[in-house]
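Comments concern the structure below.
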Amino acid sequence: MIRYIIRRLIWAVALFLTVTLIGFVLFYLIPADPAKFACGRACTPDMVKKVAHYLGTDRPVYVQYGKFLGRIMPVSFHGGFHLKSPNLGRSFVNRQSVDYTIGQAAPETASLVLGGLVIWMLIALPIGILSALRPRSLLDRVSMTGVLVGISTHPVWLGLMASWLIGYKLHITPIAGYANFFHPLFAQPGGPIQWAYHLILPWITFAILFAAVYVRMIRANVMETMNEDYVRTARAKGAPEARVMRVHILRNALLPVVTMLGMDVGLALGGAIFTEQVYSINGLGYQTIQALNNYDSPTVLGILVFVCTSVIVMNLLVDLVYAWIDPRIRLS
Amino acid sequence: MTTAQTEPAAGLDLRGDELLVVEDLKKHFPVTRGIIFQKQVAAVQAVDGVSFALREGETLGVVGESGCGKSTMARCILKLLEPTSGRILYRGRDLTHLSRAEMRPYRREMMMIFQDPYASLNARKRVGFIVAEALEVHKMGTPAEVKRRVQELLEVVGLNPEHYNRFPHEFSGGQRQRIGIARALAVNPKLIVCDEPVSALDVSVQAQILNLLKDLQRDFNLTYVFIAHDLNVVRYISDRVLVMYLGQIVESAARTDLYEDPKHPYTGALLSAVPVPDPDVEARRKRIVLEGDVPSPINPPSACRFHTRCPRFVEGHCDVEPPELVPRAGTPPDHAVRCHYPLERWPLTEQEMRRATPAGPAAA
Amino acid sequence: MPLLEVKDLKTYFSTGDGVVKAVDGVSFSVDKGETLGIVGESGSGKSVTCLTIMGLNARRNTMSMGQALFNGEDLLTASQARLREIRGNDIAMIFQDPMTSLNPVHTVGTQLIEAVTLHRDVPKKEARARALELLKQVGIPRAERRIDDYPHQFSGGMRQRVMIAMALINNPELLIADEPTTALDVTTQAQILALIEKLQADYNSAVIMITHDLGVIAEIADDVVVMYAAEVAEKGPVERIFRSPHHPYTWGLMGSLPRLDTDVDRLAQIQGQPPSLLRPPAGCRFHPRCPYVMDVCRKVDPELAPVGDDRRHLQACHLDEETKEREAARLLGAFSTEASAAP
């Protein structure tokens, strides 16, 4: 098991380096000059050069990458070996610390994603299981149609429709915006209730797509597990259906769901871009788009590092949980 | 006994005109461990020193339980797996180290029939395509000739040639196996390796396929290597039989000799374990029930691999000195056995089996 | 009174293609402590018969008719709750593939204990002790350690032993074994059959052994039911079936078996394939494959009738008695002239 973890960690580092390098190089290859953009239209070439030097974009790409890596390492060699906190640099556009930007944006995205996760599982689990128990029944047909609609409906359209209908027309929820859980900004709503109130529509919008996919997956897994020989054995022993479902079917059917959850959450933490845009939530997705439009490489790369790390960590966690739950893996 | 080869040519009474000669074939699958760089720490010794010779028109039956290596050996003979060591001589030509391109002309002469009639046919292809594929790969004939040949083959194996355009799922298990046989016959091979071709079939269909195989052998002068775990079936179809255990041949004999006068305790146990459809015979039978499971091929027992389960085990001898596969005095020269204390007579009860012959390398 | 009496059992499945008559009028009985062998090929209905008795068929699209009297109680009309009381307790069943019949994420001990606690109100410690006792009885070495192992850590033969332990743990009166050795090696098969025979004697259970292997039947059965295409072709005491078979299908089955103890020149073969259960042949279901087919066979499905005076030996065939006697003798004569001494 330890061997397994070490191997995964080594791969994680290799993956991380690869992803960030590719991101870095891609940015470098874009035929737009960030210095020019940062400086503004009124700048002369001389001033642009000065800005480029200030930002560090006139150095060769490997030097820039090296500095980037140096910044995110928790250790430093300047003036002797010592620990330091990793930092992601400063935005080309407004010199704001990327750490700060992410620090502001990540909780908003996390609120959206984690809340959405709870809702989508609350929808998907019962519907998926019930559909599997009664295939081709009315419930099953309705839910499969719902799945189709959920997957096909674009979150932006859905979000706009929901926000218009429920927020604007019916005044049930706010139209858009994010309320801070702890520290409301000046003249902004805040506190836990407002936080949840503002997030209801975004949660539902975000969750619909995932719920649809998961209903299908859970239904398929449960149906397949129900036909396994060991389920028949359990019934042959005289176990009541509820027990068969709980102890024998679900434990096995939901194992793959754990894997998928980890991956999906890791990815979604990178930014539920559509939902954030529609509801004006300044999460990571929103920030990424802003930064891309401004050719703001440090911010984009910073968010990339964050997402990459979160995906890798979630994947590793999922693998560990899976190995712990499934004795066939644990004991091989 | 030559020292250059590990396996003396026991039972390999080579006249020089054998169709297939296998010398000391070994196939080991590496077991690796390691964090980044995988290092081989052990090997699954699936086939560990198998030698035999096969004449044209003969059927060699290979019998053994799971893990004995018979399927792996079959694939090595046809070079579907690369042998770890040893030689495969087909009509005198050494095939062991030939490249894929060099092997191609030989593949025309050596075909295989598989166990699972449901998995061994491509479900997306029509039957005509499946049977014709080898013909097309070896460029044997124009499309019209190929089609005619395929229809001819379907008829030979007892199928309706009009079903040329059907898909495999439209046929029953037995019929699919016939398609597999037609496929193997398409290019006029000399040697067909049959890997448990009737194990997945019902008894009544099994008889049809076995009869068909026998007829085809007679009509087309085919040579078979017939692998099975069912001793009844092997008796019916084979001329000679090899018994395998954990990657080695433990006994090699002509058919009737093996079944009526087995010499290896494992063969005896196998024969006594097979239920016979006759209640009186069953009631009278002397049963030998082996203890325990087959050991793992990663770490086979020392010296004689059967010693952990053998009723005749003699400590200090069987677990120290590996027995050779040699004929015994008093038996025909083509009846070889790998045992220090081969059975004196047959049938024997388990009790009788335990009383080994006096110490020393056995004489019958 | 027999322990189990099955009367005219029928099980029909409605599928998209029509009604599949998987079991179509099967009757037999099993006495206490006896072994009944049900032999047939795939599609004969042998497994579905026993699944129906246990109530283990999927409930949707399934119709079952007839009676399955267990100690006088009809299982087909019993409530689900009553069936659950009986399953695993009075009647136990083991299945063909030991690799997939055990839940991979629970230990063997957990599954054995479950079998006990489902039917007995005992503390877990006691259930565990009983589980351990059974594991030893079925010959699992180092049972105290292995009881906490997972199924994938056992070999196929060992897993089947665990299944047997699980089935017998509550002392059932009847054990139904559905092809328990088909997926096992022949030496392991011998071990498992010997084990079943021994435990049957210890527990005085009756056994229904479902198999396609006539050799297994000859080895352990007292009575035999030969099934073909969802019906009973022939049934009777094992010596009668083997010494004096009275149905062309039985002759075909026996003649098409390659023999261990003798060299056979050519196997008798039954032409054709087993029939579809969606649209079974009219009249006698075996008639398209029968070398003795007569006109009446194409129209009328023969009833089970006794052979001569022997009320225990029944067969369903239109052929006259004389022909049957002659053909049976011919078949067995062919065996005995070729057979050498028994192995």
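All of the numbers you see were taken from the coordinates with simple rules; none came from a lab. Just so it is clear, the structure is predicted and the values come from calculations on it, not from any experiment. Because the Cβ atoms are built from the backbone with ideal geometry, glycine has one as well, and the counts that use them run over all protein chains shown.
General remarks:
- Measuring between their Cα centroids, segment A:271-293 and segment C:284-317 lie 79 Å from each other.
- Spin-label model distance (nm) - A:GLN104 vs B:ASN221, 7 Å beyond Cα toward Cβ: 9.1
- Calculated FRET value between C:LYS7 and B:ILE298, using beta carbons and R₀ = 51 Å, to 0.05: 0.40
- Counting, for every residue in C:98-104, the Cβ atoms of other protein chains within 10 Å of its Cβ and taking the mean gives 5.
- Shielding of C:52-63 by partner chains, average beta-carbon count, 10 Å: 1
- Reachable lysines from A:LYS49, criterion Cα separation under 19 angstrom, eight or more residues apart if same chain: A:LYS36
- The phi torsions of segment B:205-218, fed into the Karplus equation with coefficients 6.51, -1.76 and 1.60 and a -60° offset, translate into couplings of 6, 3, 4, 4, 5, 4, 4, 4, 4, 5, 4, 5, 5, 5 Hz, rounded to whole numbers, with Gly and Pro shown as x.
- Simple spin-label estimate for A:ARG246 and C:ASP17 in nanometres, 7 Å along Cα-Cβ: 4.1
- Ranked by the mean number of other Cβ atoms within 10 Å of their residues, highest first, the peptides A:76-83, A:46-53, B:204-211, A:311-318 fall in the order B:204-211, A:311-318, A:46-53, A:76-83.
- By the helix-only formula, in which each DSSP H run with n ≥ 4 contributes -39500 (n - 2.57) and the sum is divided by residues, chain A has a 222 nm mean residue ellipticity of -22000 deg cm²/dmol.
- Rounded if a/c under 1.5, otherwise prolate or oblate - segment A:189-309, Cα gyration tensor axes: prolate
- Backbone amide hydrogens, once placed in the peptide plane, bring B:TYR245 within less than 5 Å of B:VAL250, excluding anything fewer than 5 places away on its chain.
- Packing order of peptides A:34-45, C:126-137, C:88-99, highest average first: C:88-99, C:126-137, A:34-45 (average count of other Cβ atoms within 10 Å over each peptide's residues).
- Global geometry of segment A:2-83, whether rounded, prolate or oblate, following the gyration tensor of its Cα atoms and the 1.5 cut on a/c: oblate
- Expressed as a whole percent, the proportion of Cα-Cα pairs in the protein assembly as shown lying more than 54 Å apart is 34%.
- Cα gyration tensor category, rounded, prolate or oblate, for segment C:245-338 with a/c compared to 1.5: oblate
- On the principal axes of its alpha-carbon atoms, segment B:211-364 has extents of 52, 35, 35 Å, going from largest to smallest.
- Cβ crowding within 10 Å averaged over residues, with C:142-154, B:331-343, B:255-267 ranked highest first: B:255-267, B:331-343, C:142-154
- Subtracting the Cα-Cα distance of B:ARG87 and B:GLU109 from their residue separation scaled by 0.36 nm leaves 6.1 nm.
- Cα convex hull volume per residue for segment B:38-103 (Å³): 119
- Take every Cα pair under 8 Å whose residues are at least 6 apart in sequence, average their separation, divide by the length of chain A, and the relative contact order is 23 percent.
- Average beta carbon contacts from partner chains per residue of B:266-275, 10 Å cutoff: 5
- Rg ratio (alpha-carbon, reference 2.2 N^0.38 Å) - segment C:4-225: 1.01
- At R0 = 56 Å, FRET efficiency that the Cβ-Cβ distance of C:THR323 and B:PHE37 yields, to 0.05: 0.15
- Counting only alpha carbon atoms, the long axis of helix C:156-168 and the longest principal axis of chain C meet at about 80°.
- Using the Cβ-Cβ distance between B:GLU56 and B:GLU162 with R0 = 45 Å, the FRET efficiency computed as 1/(1 + (r/R0)^6) comes to roughly 0.85.
- Antiparallel bridge percentage (DSSP; both residues within the protein assembly as shown; nearest 5): 65
- Computed over every Cα-Cα pair of segment B:12-142 and binned at 10 Å starting from 0, the pair-distance distribution P(r) comes out as 10, 32, 33, 20, 5, 0 percent.
- Under a 5 Å amide H cut-off, with hydrogens placed 1.01 Å from N, C:LYS32 pairs with C:LEU3 among residues at least 5 apart or on other chains.
- Axis angle, to the nearest 10 degrees, between helix A:297-325 and the longest C-alpha principal axis of chain A: 30 degrees.
- Per the Debye formula on identical point scatterers at the alpha carbon atoms of segment A:98-330, with no solvent, log10 I(q)/I(0) at q = 0.08, 0.18 Å⁻¹ is -0.37, -1.31.
- In range of the label at C:ALA194: residues from segment C:139-157 whose backbone nitrogen is under 20 Å from the point 7 Å along Cα→Cβ: C:139-143, C:155-157
- Phi-derived couplings, Karplus 6.51 cos²θ - 1.76 cosθ + 1.60 at θ = phi - 60°, listed residue by residue for segment A:131-146: 5, 5, 6, 10, x, 6, 7, 4, 4, 5, 5, 4, 5, 5, 5, x Hz, with x used for Gly and Pro.
- The modelled label-to-label distance between C:GLN67 and A:ASN282, using points 7 Å beyond Cα along the C-beta direction, is 8.3 nm.
- Violating pairs (Cα-Cα greater than 19 angstrom) within the set C:LYS32/C:LYS136; B:LYS79/B:LYS190; C:LYS198/C:LYS235: C:LYS32/C:LYS136; C:LYS198/C:LYS235
- Residues whose amide H lies under 5 Å from that of C:GLY25, counting only those 5 or more places away or on a different chain, are C:LEU9, C:LYS10, C:THR11; hydrogens are built 1.01 Å from N in the peptide plane.
- Two-decimal log10 I(q)/I(0) for chain B, as the Debye equation yields it once each C-alpha is a single scatterer, q = 0.06, 0.07, 0.15 Å⁻¹: -0.25, -0.34, -1.33
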